[in-house]
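**Q** Have a look at this one before I ask anything.
The values are calculated or read from the model by the stated rules, or taken from the named source; none is laboratory data. All values reported here derive from a predicted model rather than from experimental measurement. Note that we place each Cβ from the backbone using ideal geometry, even for glycine, and neighbour counts take in every protein chain shown.
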Amino acid sequence: MLITVKPLTPLWTGDAEGSGDSIRESGILGSLRWWYEALLRGNGHEPCDLGVEPCLYEPDRGQASICHACQLFGCTGYARRFTVRLINVDDNTTLNRKIENQLITVKLRNPTNGHDRGWFVPWKPQESFAIEFRPARPGTFDAVDKASILHTLRLIAQFGALGARTSQGQGIVNITCRTDEDQSDALSIVEWRTSLGQRPARQAQSQNAWPNFADFVGVHVTLGPGVQPDQNWWENTGPLVFLRDAQRNRTVPYPANPVCVPSAPAVRAELRSWLRTTANVPIPGGSIGRAELEEQRHAIMGYAKGNSAQGSNVFVSHLYKELEDNQWKMRVFAFLPANGAPAEAALRRLLQNPVAFPKLLEKALGLSPLTVASFPQGLNGFLP
Ligand SMILES: [Zn+2]
């Protein structure tokens, strides 16, 4: 199976300390597994937590001894059922491309106190590349395995993001099958669900805190005709105040025809601000307490320590230009249980509010008008 990937915002596949200057298989595999696990949970399966209670393959029990995620991606004693090779689109040679992607600092100014905060972000989306999937050994990467990967990739392309730092804007990708057979051979989501359900697998202990597609909400955002994040906006009206080359510490000129703008920090800041207002989070008999809200806000948005935003359940993309219609877009998506903590439920309602949420985005970006289209409701809407 050959899949072409075109990054629309920079793809980050390095480790947390890495410089992010090449595309790594490990980063793509890790992200695929993360989304696949969310899809499994949304379908009533319980993949294991590799850090806490990983599966251990027992030869006498076979596949039944390990969870569905380990059956596809491998674990101790059981090898991954497919191999992956990253290749160049034009000649199918192995990808060995250092990305000339300077890291820039984006500064965000707090209008109330004038203080700046900076983020290091890669600047440009990478060129297209392809992922080649092959069976690891005879009998593996069958139709069910193939469908597991293909449906996961479709979810990522249409509603999510690939790689790391996806909560901070990276990893919006366009994905296409290189051959029609890959497209038509794949099991439908209904067939996939049935086939997977018939495979014996270990059900790990419930991990309610982990991403589950049953809790998935989000929006696609499109800027109005003619509304664009040009240099004038960036310098004069936007809350993002300047770009600086993080390695050489000098100001970066605003590109002439950008296809992506590192705007996610501004939207994340606005969401954090919304989650600081106790009146936004009603509880029976009044509003939530300040300390309780702070705790829930950290659980939802993650801790921004240095350059990492680990543990965020809310993902905000940068603004990017869609190839087909040449319009500026962005997406916000989140894993928020409807019956979760009060702040989770309140934020979930905000994301689905057709009036309040566009207003919040227009304020955060300093760009209007924009239109907001909610993601489908319920799992079946995501994978027709
Ligand atoms: Zn497992």
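**Q** Just to check your reading of the model, which residue among 103, 72 is closer than 24 Å to residue 171 by Cα and modelled with pLDDT of 95 or more?
**A** Testing whether each residue is closer than 24 Å to residue 171 by Cα and modelled with pLDDT of 95 or more leaves just 72.
**Q** Scan the range 272-318 for residues that are at pLDDT 95 or above and assigned to a strand (DSSP E or B) and report the count.
**A** 3
**Q** Sticking with this structure for a sec: Kindly indicate the residue of the range 75-100 that is among the β-branched types (Val, Ile, Thr) and over 26 Å from the mean Cα position of the chain (by Cα) and also modelled with the lowest pLDDT among those meeting that condition.
**A** 93
**Q** If we scan the range 356-373, do we find a residue that is of a type in the set (Phe, Trp, Tyr), assigned to a helix (DSSP H, G or I), buried (at least 19 other Cβ atoms within 10 Å of the Cβ) and in contact with a strand residue (DSSP E or B) (Cβ under 7 Å, 6 or more places away or on another chain)?
**A** Of all residues in the range 356-373, those of a type in the set (Phe, Trp, Tyr) come to 357.
Next cut, assigned to a helix (DSSP H, G or I) only: 357.
From what's left, buried (at least 19 other Cβ atoms within 10 Å of the Cβ): 357.
Now restrict to residues that are in contact with a strand residue (DSSP E or B) (Cβ under 7 Å, 6 or more places away or on another chain): 357.
Yes, because at least one residue in the range 356-373 is of a type in the set (Phe, Trp, Tyr), assigned to a helix (DSSP H, G or I), buried (at least 19 other Cβ atoms within 10 Å of the Cβ) and in contact with a strand residue (DSSP E or B) (Cβ under 7 Å, 6 or more places away or on another chain).
**Q** Determine which member of the set 152, 222 is assigned by TED's automatic domain parsing to the domain that holds residue 62 and among the hydroxyl-bearing types (Ser, Thr, Tyr).
**A** Sole residue among the options that is assigned by TED's automatic domain parsing to the domain that holds residue 62 and among the hydroxyl-bearing types (Ser, Thr, Tyr): 152.
**Q** A further question on this structure: Look through the range 17-68, keep the residues that are away from the ligand (no atom under 16 Å from the Cβ) and among the hydrophobic types (A, V, I, L, M, F, W, C), and return whichever of them is modelled with the highest pLDDT.
**A** 28
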